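What follows is a set of notes on a single structure, which appears directly below.
The values are calculated or read from the model by the stated rules, or taken from the named source; none is laboratory data. None of these values were measured; they are calculated from a predicted model. Heads up, the Cβs are rebuilt from the backbone with ideal geometry, glycines too, and the neighbour counts pull from every protein chain shown. Heavy atoms of the whole protein, side chains included, go into the accessibility calculation; ligands, DNA and RNA do not. Shrake-Rupley method; radii C 1.70, N 1.55, O 1.52, S 1.80 Å.
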Amino acid sequence: MRDFTYVIKDPVGLHARPAGLLVKKAGEFASRITIESGGKSAEAKKLIMLMGLGVKQGAEVVCRIEGEDEDAAYEALANFFKENL
Amino acid sequence: MGFFQNIFGNGNKEEIIPICAPVAGKLVPLSEVSDPTFSDGILGQGAAVIPTENQFFSPVDGTVNTVFPTGHAAALTSAEGVEVLLHIGLDTVKLNGKHFTIHVEEGQQVKKGDLLLEADLEQIKAEGFDTITPVIVCNTEEFSEIMMARGNKVSVGDTIINIRKE
């Protein structure tokens, strides 16, 4: 299991566009990927759940990755958050 | 009727799930939405309505999963398992709730035609935003085909998308 914590910098938070891109990125990997924020948890491959987290600017999210390709997924997702959120 | 099953041919069972227009207006393909988030299908397939009225109604019988606190978008899961995102206007998240009124709560059960959100389209346009409203099937990959219905001018409750489930 790999995980990282990230504080959202995007002024409008994890809204439709970055959420959609995150689902696409997460879908490239076989690992189970979850995003936790504000006491709620969502699968990173399920758009509707991700948006339901209501993640805003300044919120802390924890991304947990578990599976055979977790190292590659960790790299890709850590970069994704830095570049998009 | 949302739970109606259409049966074609000899035992070749297929279900067609209709998604209704959430608002009166002009039906257009997603490719005509000038935001790649929608037109490139990043969020899923669907259709869009250029709204002519301020009230937005549920396009399905189901549950409200998410209402963005800004009131510009809502996500619902239909009784058949279709995850629908209704997004009023482009970049309207930036209005931070201004000109939008929320009429439902997360977790609420709704029927087709129940009022979800209201938007003051004139004010939103006056602030320079496009009010085109994409209706997206977020779990597109779970269905065999997402088909935009024919038609140009739509009223609330008219079918705008047919989803084929095998």
Legend entry - Highest to lowest packing among B:116-126, B:86-96, scored as the average C-beta count within 10 Å: B:86-96, B:116-126
Inset, instruction - Would you jot down the residues in the range B:43-71 that end up with at least 40 Å² less accessible area in the complete protein assembly than in the chain alone, with a 1.4 Å probe? - result: B:43, B:66, B:68
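Of all the stretches in chain B, which is the longest one without any exposed loop site, taking chymotrypsin sites (Phe, Trp or Tyr not before Pro) in a DSSP loop (any state but H, G, I, E, B) with at most 10 other Cβ atoms within 10 Å? Walk me through the numbers on the way to the answer.
Details: sites that count: B:3, B:4.
The longest such stretch corresponds to B:5-166.
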Legend entry - Only Lys, Arg (+1) and Asp, Glu (-1) charged, at Cβ; the range B:16-166 dipole about Cα centre in debye: 320
Legend entry - For residue B:96, net neighbour charge (Lys/Arg +1, Asp/Glu -1) across residues whose Cβ lies under 12 Å away: +1
Legend entry - Sequence of B:115, B:43 when ordered by accessible area, the most exposed leading, probe 1.4 angstrom: B:115, B:43
Inset, instruction - Using Cα positions and a limit of under 27 Å, work out the lysines in reach of residue B:153, with same-chain residues fewer than 8 apart set aside. - result: B:26, B:111, B:112, B:125, B:165
Legend entry - Amide H within-cut-off set for residue B:110, under 5 Å, with H built and near neighbours excluded: B:62, B:63, B:64
Inset, instruction - Considering only protein heavy atoms, with the full assembly of protein chains and a 1.4 angstrom probe, order B:78, B:144 by accessible area, largest first. - result: B:144, B:78
Inset, instruction - Evaluate the charge dipole of the protein assembly as shown about its Cα centre and quote only its size in Debye, nearest 20, assuming +1 on the Cβ of each Lys and Arg and -1 on the Cβ of each Asp and Glu. - result: 360
Legend entry - ³J(HN,Hα) computed for each position of the range B:108-124 - Karplus, 6.51 cos²θ - 1.76 cosθ + 1.60, integer Hz, glycine/proline x: 6, 7, 10, 10, 3, x, 6, 5, 9, 9, 10, 9, 8, 4, 5, 5, 5
Inset, instruction - Obtain the nm distance between the two label points defined at residue A:10 and residue B:142 by a simple spin-label model: each point lies 7 Å from its Cα along the Cα-to-C-beta direction. - result: 2.3
Legend entry - Buried on assembly, the range A:3-17 (at least 10 Å² less accessible surface than by itself, 1.4 Å probe): A:12, A:15, A:16, A:17
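To the nearest 0.05, what FRET efficiency results for residue A:59 and residue B:109 with a Förster distance of 30 Å applied to their C-beta separation?
0.60
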Inset, instruction - Loop only per DSSP, at most 13 neighbouring Cβ atoms within 10 Å: give me the trypsin sites (Lys or Arg not before Pro) in the range A:18-69, ordered by residue number. - result: none
